[in-house]
Every structure is written in C-alpha cells, then in structure tokens.
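Visitor: This is the structure, below, for whatever I ask next.
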There are 2 protein chains.
Amino acid sequence: MPVVEGKEIRASVPAKVILFGEHFVVYGKRALAAAINRRLAVQVSSREKRGYHIKIEDIPTFGLELDLEVGNDEKRKVRPYKDYGTAAKALGYVRSSIEYLEERYGIGNEGVEIEIKSEIPLSAGLGSSAATCVATIAALKAYFGVKGDVEGIRSDAHNIEKIVQGAASPIDTAISTYGGYVLVERNEVKRLHLAELDLIVGCVGSIPLSMDTTKASELGLKTKTIVEGVKNRRAIFTSIFDPIFDAADELTARAIQAMEDNDLVNVGALMNINHGLLDAIGVVPRRLSELVKIAQDLGALGAKVTGAGGLDEMGGVGSVLVLPGESGDRIKAAMAIADALVMDVKTGGEGLKITHPTSP
Amino acid sequence: MPVVEGKEIRASVPAKVILFGEHFVVYGKRALAAAINRRLAVQVSSREKRGYHIKIEDIPTFGLELDLEVGNDEKRKVRPYKDYGTAAKALGYVRSSIEYLEERYGIGNEGVEIEIKSEIPLSAGLGSSAATCVATIAALKAYFGVKGDVEGIRSDAHNIEKIVQGAASPIDTAISTYGGYVLVERNEVKRLHLAELDLIVGCVGSIPLSMDTTKASELGLKTKTIVEGVKNRRAIFTSIFDPIFDAADELTARAIQAMEDNDLVNVGALMNINHGLLDAIGVVPRRLSELVKIAQDLGALGAKVTGAGGLDEMGGVGSVLVLPGESGDRIKAAMAIADALVMDVKTGGEGLKITHPTSP
C-alpha cells in the first residue's frame, strides 16, 4: 500500500470518566459516562528503516520506547529502550492495533514512526487503553488510506480491546471516539447531549513506584479481579445485591434528569448515594474512601469512586470524582495532601480529532 | 411509703449495639441489636436530708453531682456541684424517671441517695440513655417496694425515654432490660438466642472537650438530626431509597442466619455491605469512615458504623463496630491512632440485675 513520503497524521482522543452506574452496568443496569478534557494523541509518520518504532512519552514521570521489527508472526521481536512497569501495558494495545490492521486491512511494513503522548494517567479507570486503541487505529487507518467511517474506527478499537483483555466495556471506546456523554442501557450504547460539568478527578497510586515489578504488572489485572469479586459476592448474597442493583439503575436515570435540569445539588447528592452503593458491593478501598470523605467533609456537592474502584489488597489504587461546588481549592489541597494526583476536568468535550500536522 | 433504714438497692444493666439494620428499622425494616458487656449501675440508698442527691461518676474523665430538692412542681430546684457538658443529659433521664415514678406510683420524698456508675460512653449510640432509665427505674421501684415485673420496668423506661426525647426506639430499653439479642421486625420487638460475638467498638468524639457548651448540648439532638436527614433525602429520592431499604431488610435476615450457622466470614461480609448502605443514605461521616476502612484494610472480617452514624457538620462523632478476625490488636492500635476510644466487647450478655449490696 503506497504511502506519501513525509506524510504525518495525528489522531487525538479524550479520556473518559464514568459518572454513574459503574459495575452495575455489567448486570444490564444503566450507566452514564463522559469524555473529559484530558487527551491522548497518536502521531504517525514515515521513517527510513522498515518496521515500527514506537515511542510513548509524557505519561506522568515515565515513558516507553521500543522497536517493533518486521514480521507478522509470534516471534516478532520487541526491542525496548526503556520499559517502566505499567507503561508496558500501553504497548500491548499498540501492538495489537498494528497486528489487527495488518490482518484485517493488509497495511504494510513500511517504516513507520508512532509517537504517543498522553495526559491520561494509566490504570486509573480513565480509559487510557481505549484511548490508545482508538487513536492508534484512527491514525494508522488515515496514514495508510484505509477507507471507512468513524464508527468503523470505534468498532475496530473495541475489537482490539476484547482481543487484549478477553472482554471489554463498549463505553470507553465510544467515549474516546465520539466524546460527549454516553448512556449504556440494557447493554446498548446511546449518545446523550448534556451540559458540561466542572469536576475534580483524584487518582491514587497511578504510578506505583514503590511496588515491585511483579506487583506492578499485576495491576493490569486489577479491573478483572474487582469485577470478579463483585460477581462472587453477588452469587452469595443475591437477594441483597439485586435490590442494590435496582437502586443503582434508578439512580442513573435520576442523575440524567438532574443534569438536564442543571440541578447540581441533586447531581452531587446522587454521586454520594452512588458511592455508598459501590461501597456496599465491596469496591471502595481505604485510600479512595479517604479522598471521597475529605471532599464531602469539606463541602463538596458530591463525591464518589469512579470506574472499577479498587481493593485494599491491591494497594487501594484507583480514582474518585468530585463535584466541588464552592470548595474546589480547599478540596484539591486536602486531596493532594492525601497523596492523590488531582486534576480539574470538564466533561462532555470533543471526541476523535484527526489532523495533518505537516499540511500547508 | 415506708422504707427500711439503711436499705440499699443496686440495679445494673448492659449497653447495646445495633449489629444490623439501624436507620432502616425506622421504615419498618428488620434490625438486630445485642447487649454488650459494658454496664451502667444505679445504686439507691437512704440519706438523712429529704430530697434526692444524685451523683454520676465514672463516665470516662468527667462526672456530675447535684441535689434535686423536695417538691414536685416546675420550680423544683436543681443544685449542681459539678456539671460538664453532655453529662447533664444523663441527669434529664434520672430526673424524669423520679418524676414519672412519683406521679405513677406515688413514691415519696424521703431522703434518697442515687449513685450512678457507668462504663458506657455518652452520645455514642450505645444506649446510655435507655440504660440510665432502666437501671434508675428498677432500683427506685425495688427501693420503694413498688410491685411489678421486669416487663413493667422496660415499659416504664421506654415511656420515660419518649417523654424526654419526644420519640424513642424500643430496642434500647429492651436490650438494657433483657440483655441478649433483639430482633425488630415490622416494629415488633422479639428476643433471639444467638451465640456470643467478640467485637471491637470504636467511638469518636464521645467526649467532645474541644467543643463549646452550645455545640456540646446540640449533640443531644444528633440522632434526631441524622434521622431527619435520611427522611428528607428519601423524600427526594424515594425510588432509589426504597430498594436500598429492601436490601437492608434482607441483609438483617441473612445476618441472623449466618450467626445461627456460626459463619463469621459471612457475618463480616454482611457488616461491610450494611456499612455501604448506611453510606448511601448519608450517615457515614469522614471520621467514622476512616475507622471502618482502617479495620477493613487491616483484615477485619467486617466493619460498619453502628447506631445513628454521624454527620461531618456535627463533628463526625459516633461509633463503629468491627468483627476483627485475627487482626484485632493491629486494628485496635490503628483505630486508637485515629483518635477513637476503643473497647473489646462481647455480645449477648446478661440484662437487668438487681442486688442488695448491704444484705447479709
């Protein structure tokens, strides 16, 4: 497949947060997710040598750089220059994206430079994997001139997530592709138009430097382990979990209504209730609980764990969402003191953007 | 009414903890409470001077001592010797008990010495008010030779709690009177026979020396304020709260089953779920959350807020229950570091005991 020499393609996608209904969505209940204005960009350009050179940088405090050599078999050689713990996870998605495109669309082995820059903390429930897949697929398809629409990119990216993880939520790839808001209802993904929210995201342990390599690589399995824990507890306590799930389903519906009414007090109150339900099903570790309770104590309108939550026995890493009301500065200070990476975010922003940096 | 000179009566009663279902019981759901081996004793003896001399001591770090002079009208004079914040609350129950007995049974105004010794922290959800009423009524009825059975004492004490508080749970007086375990089902109180549990009780701020007098006296209204908050949130979010209440009702039933099976792992798991449901309805303040999460992180089988819970805006005071498993010593150390008053307790012990200390 011919490629114009010197051509450059840049694909940029947003991270996601789950506002309401995480975990319960696995059981067919409603969940609401939003794009946030933290983005990941994949830039693809040509290079003289054949094979792919992949460079991941700007992931807070560490990076990853390696060569993926020519060849489409099990023995394809990976030569890492730098490799720090969880960053290796991102590589898995890039590699699988390349192999998926080779197999499905026959893209070639011309010399390709892939550079990934991310503002999205890894393993924090903010959809960095899906963002990596969507942006890589979008950039490579554009670079190699593969025909298709945006929905095709979303679908390809979702397939790759399933290949790498065994199973994947359709939410993350939908948000990275389309931005805005997504409602999942009976496992169907629907795009919603809602007003922007100003939130604080707090991440704990997204860069577990203190953990040894084995432990750090196990973090890649965190979500799966947490989801299985909920499933096991539900199997024992079905008659208790079923009404909790019903409450969560109704909660997401009420939250969408409150957002449509621009009723931030009720949006916050519903975040607090949602957090309690997540605690009831066992996905709120001490460190994330501390962040949520600090925010509530300091006057936040609402606060909750977001995404998979966490487990004490896995270091309590994970992320929380805060609707700060008037107390944002004090809440951010206290969360930082409690060892969180703290970010101001706006929800509902733009999805996939493809640009040609070297175009005139 | 004649009293034997030199006669002494001592009535001792246990404190209570709510193991499962607090708050939800207000809405007709099931709750399980237990006596714990922390007791309050009221000793009644004669004195030369007419009127009542009341002495409350051994309540951790402070005491209360006063004369209640002769006379049964609004202007009865109270002369306090010492009066420290929340201890004044206990007086209200003693005074109302005396007035109730005067009115209902015509006990006299002979010189009476009333001495109260307590191991039960005040305002901690451990039933110190009910214990005060039951023990005072039992001791005075025995001292004055008022006929009646134990059920009459429970009923009198419950009436006095209602007079002082406006409304009262039947659980606390039932536990202080009968000990053991009490199930409340559709507002009916039933005694249960279950095996003993070894628990840790952690109390935060039961002695709020740092608070000014106004704030401290407001703490007496804590339970009422918390209960009203739940009622208000339920009115707004009925369709979410109703299934949560159903989950809580089922949870208490499963917990009783687990206790009958001596299945401590499931008893603990159900405590954790119950805690999450209490958080969902908004009664878990930061300081109590911290204690529960510390215990869970350190390997407790289960941990939860007990009783009314608390509110951040009221200092986050309240109590938690921990089923420690093998980690009791570490959990107690960490809870103490987090500023809790920590007690080992056994559940299900003896109820009201009446003794005659000066009998031969």
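Visitor: Compute the relative contact order of the stretch A:198-346 as a whole-number percentage, counting only Cα pairs closer than 8 Å that sit 6 or more residues apart in sequence.
Guide: This gives 37 percent for the stretch A:198-346.
Visitor: Further question: Summing +1 for each Lys or Arg and -1 for each Asp or Glu, what net charge is found among the other residues whose Cβ lies under 10 Å from the Cβ of B:I354?
Guide: Net of charged neighbours comes to +3.
Visitor: Here is a further query. Counting only residues 5 or more places away or on other chains, whose amide H sits under 5 Å from the amide H of B:V284 once H atoms are built in the peptide plane?
Guide: Residues meeting the criterion, in which the H sits 1.01 Å from N, are B:G310.
Visitor: Sorted from fewest to most neighbouring beta carbons within 10 Å, what does the list A:T136, B:T177 look like?
Guide: So the residues, fewest neighbours to most, are B:T177, A:T136.
Visitor: Across the stretch A:22-33, in residue order, what do the Karplus-derived ³J(HN,Hα) couplings come to in whole Hz, using 6.51 cos²θ - 1.76 cosθ + 1.60 with θ = phi - 60° and x for Gly and Pro?
Guide: Whole-Hz 3J(HN,Hα) from phi for the stretch A:22-33: 4, 6, 5, 4, 4, 9, x, 7, 6, 9, 10, 10.
Visitor: If you don't mind, another one. Dipole magnitude of the stretch A:198-346 about its Cα centre, charges +1 at Lys/Arg Cβ and -1 at Asp/Glu Cβ only, in debye to the nearest 20?
Guide: Charge dipole, the stretch A:198-346, about its Cα centre: 420 debye, nearest 20.
Visitor: How many nanometers, to one decimal and shortest first, lie between the label point of B:I163 and those of its other copies, if labels sit 7 Å from Cα toward Cβ?
Guide: Sorted ascending, the copy-to-copy spacings read 8.0 nm.
Visitor: Okay, moving on. Using a basic spin-label model with each label point 7 Å from the Cα along Cα→Cβ, how many nm lie between A:V150 and B:V265?
Guide: 5.0 nm
Visitor: Right, another one. For B:V134, A:V345, B:V204, which order do you get if you count the other beta carbons within 10 Å of each Cβ and list the fewest first?
Guide: Starting with the residue having the fewest Cβ neighbours, the order is A:V345, B:V204, B:V134.
Visitor: Amide H neighbours of A:G325 under 5 Å, counting only residues 5+ apart in sequence or on other chains, H built in-plane at 1.01 Å?
Guide: Here the answer is A:L301, since their amide H atoms fall under 5 Å of that of A:G325.
Visitor: Right, here's the next one. Please work out the FRET efficiency for the pair A:R47 and A:K346, using the Cβ-Cβ distance as r and a Förster radius of 30 Å; give the result to the nearest 0.05.
Guide: Efficiency at R0 = 30 Å is approximately 0.25.
Visitor: Determine which residues of the stretch A:127-158 fall in the zone a paramagnetic label at A:K7 would reach in this model, i.e. backbone nitrogen under 16 Å from the point 7 Å along Cα→Cβ.
Guide: Flagged as within label range: A:137-149.
Visitor: Please work out the FRET efficiency for the pair A:A167 and B:S239, using the Cβ-Cβ distance as r and a Förster radius of 35 Å; give the result to the nearest 0.05.
Guide: For A:A167 and B:S239, the calculated efficiency is 0.70.
Visitor: On a 29 Å Cα-Cα criterion, which of the cross-link pairs A:K117/A:K222; B:K222/B:K293; A:K162/B:K304; A:K141/A:K190; A:K332/B:K231 come out too long?
Guide: With Cα atoms farther than 29 Å apart: A:K162/B:K304; A:K332/B:K231.
Visitor: Between beta-carbons, use under 11 Å as the cut-off and find the net charge around B:R186, counting Lys and Arg +1, Asp and Glu -1.
Guide: Result for the local shell: 0.
Visitor: While we're looking at this one, here's another question. Can you figure out the FRET efficiency of B:N109 with A:I337, using R₀ = 56 Å and their beta-carbon distance, to the nearest 0.05?
Guide: 0.40
Visitor: Below 12 angstrom from the Cβ of B:Y27, what's the summed charge of the other residues (Lys, Arg +1; Asp, Glu -1)?
Guide: Neighbour charge sum, excluding B:Y27 itself: +1.
Throughout, read-outs are computed from the coordinates displayed, never taken from laboratory work. Everything numeric in this text was worked out from a predicted model, so none of it was measured. Ideal geometry is used to build each Cβ from the backbone, glycine not excepted, and the neighbour counts take in all protein chains shown.
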